Amino acid sequence: MKKLLSIFILLQFGLLHKNANCQIINPGFETWSNDMLVPSAMNPNTGNNTYGWWDFNFFNSSFVGSSPISVTRCTDTVRTGSYSARIETKVYTPTSWNIYKSWGIPFIGHEYNDTLGILFNGKVNLTDQTYKPGIPYNLKPSQFKFYYQYRPFGNDTAECRVLLVNGTTPVAGGSFKTGSGTGNAGWTEATINLTYVSGSTPDTLYVLFSSSSLDYAAKNSSVLWIDDVSMVMPTGINQALDADDEIKVYPNPSIGIFSVSQSSSALRNIEFFNVLGESVSKQSLYNGINTVDLSQSPIGIYIYQVKENNQIVSTGKIFIK
């Protein structure tokens, strides 16, 4: 159970058609901002006191120890888009280490090592040097995925730890470790299958990446590149649709009035969810064309599920503009 208590956090998402991939804020690391305390550093978020990916770059400031920058915006090793996140293990100064070392106790069960390269999802206020790992999240994803490249120094190990909690009680968790360099193999997909230890509905999700082992001696100069992070929701799809039984939802996007067509005469229903996983509409479907009115719902992304005998037979994403 201690292994599950290991991290920092998440945010909003969108589902991709059929695969139902729920993506974290800034999943491709395309948004970066200048560090308020360290102008020469950039962090993968939208600025001070905002939610996003955070690191310990601000310890580069002379006010908090003058440690080296460990997370940088990468342009030459990118899977998609323009940027990826490059995490490098650096030796922190005794001054800054004395500040941050105890921060690891609630999340990895002990103090952080004095060499560290960490990226976590949450909110940091550099003005008062406080952080808030974790964001409300009440869904039950089955997997956490990301793409990586790794260049370990010696026998070092890169890690990713994921934890869903309800209050302080673990609901589900999982981790990924690798000590193998990817070399010329390029980008490799990592999949963390989340193991549920409680039937409770989670309220918070934590995520933590490290370019070095969190439990053993970290190795200075190990480098981990991360890109294209996503959460995967269980689809429950176990019934293949025939070509002439395709379900269509259109126009997409629309102002909130959608048509849903199907050729099946089976009793089905369609349910729509907002990005928080809350049901906003549910109705029965009949053979032919059905009309769904979501015009009173706010502008944004919605997920739909079509069920037959309580089994999901189709899922997708719509936009209300």
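Values in this text are rule-based calculations from the coordinates and carry no lab data. Just so it is clear, the structure is predicted and the values come from calculations on it, not from any experiment. Note that we place each Cβ from the backbone using ideal geometry, even for glycine, and neighbour counts take in every protein chain shown.
For residue 90, give me every one of the aspartates and glutamates with a C-alpha distance below 17 angstrom, ignoring sequence neighbours fewer than eight places off in its own chain.
55, 111, 114, 156, 159, 215
Hand me the chymotrypsin sites (Phe, Trp or Tyr not before Pro) from the stretch 251-319 located in a DSSP loop with no more than 16 other Cβ atoms within 10 Å, in residue order please.
Loop-located and lightly packed - 286.
For the stretch 257-321 and the stretch 42-61, what is the separation of their C-alpha centers, rounded to whole Å?
Between the Cα centres of the stretch 257-321 and the stretch 42-61 lies a distance of 38 Å.
Around residue 94, what is the net charge, scoring Lys/Arg as +1 and Asp/Glu as -1 over all other residues with Cβ under 12 Å from its Cβ?
Overall, the nearby charge balance is 0.
Using the Cβ atoms and a cut-off under 11 Å, what net charge is assigned to the surroundings of residue 231, where Lys and Arg are +1 and Asp and Glu are -1?
+2
At what distance in angstrom do the alpha carbon centres of the stretch 159-234 and the stretch 109-153 lie from each other?
The two parts, judged by their Cα centres, are 9 Å apart.
Using Cα-Cα distances under 8 Å and only pairs 6 or more residues apart, what relative contact order does the chain have, in percent?
In percent, rounded to a whole number, it is 19.
How high is the relative contact order of the stretch 243-320? Use alpha-carbon pairs under 8 Å, at least six apart in sequence, and give a whole percent.
32
Restricting to Cα atoms and excluding each atom paired with itself, what does the Kirkwood estimate give for the chain in Å?
Result for the chain stands at 21.1 Å.
Considering only the other residues whose Cβ falls under 13 Å of the Cβ of residue 133, what net charge follows from Lys and Arg at +1 and Asp and Glu at -1?
+2
What's the longest piece of the chain with no exposed GluC sites (Glu not before Pro), counting a site as exposed if DSSP puts it in a loop and it has at most 15 other beta carbons within 10 Å?
112-245
Once the dipole of the chain is set up with Lys and Arg at +1 and Asp and Glu at -1 on Cβ about the Cα centre, which of 52, 62, 211 lies farthest towards its positive end?
Checking the options against the dipole of the chain, the answer is 62.
What translational diffusion coefficient, to the nearest whole µm²/s, does the stretch 62-188 have by Stokes-Einstein, given a Kirkwood radius computed over alpha-carbon pairs, a temperature of 4 °C and 1.567 mPa s viscosity?
D, rounded to a whole number, is 76 µm²/s.
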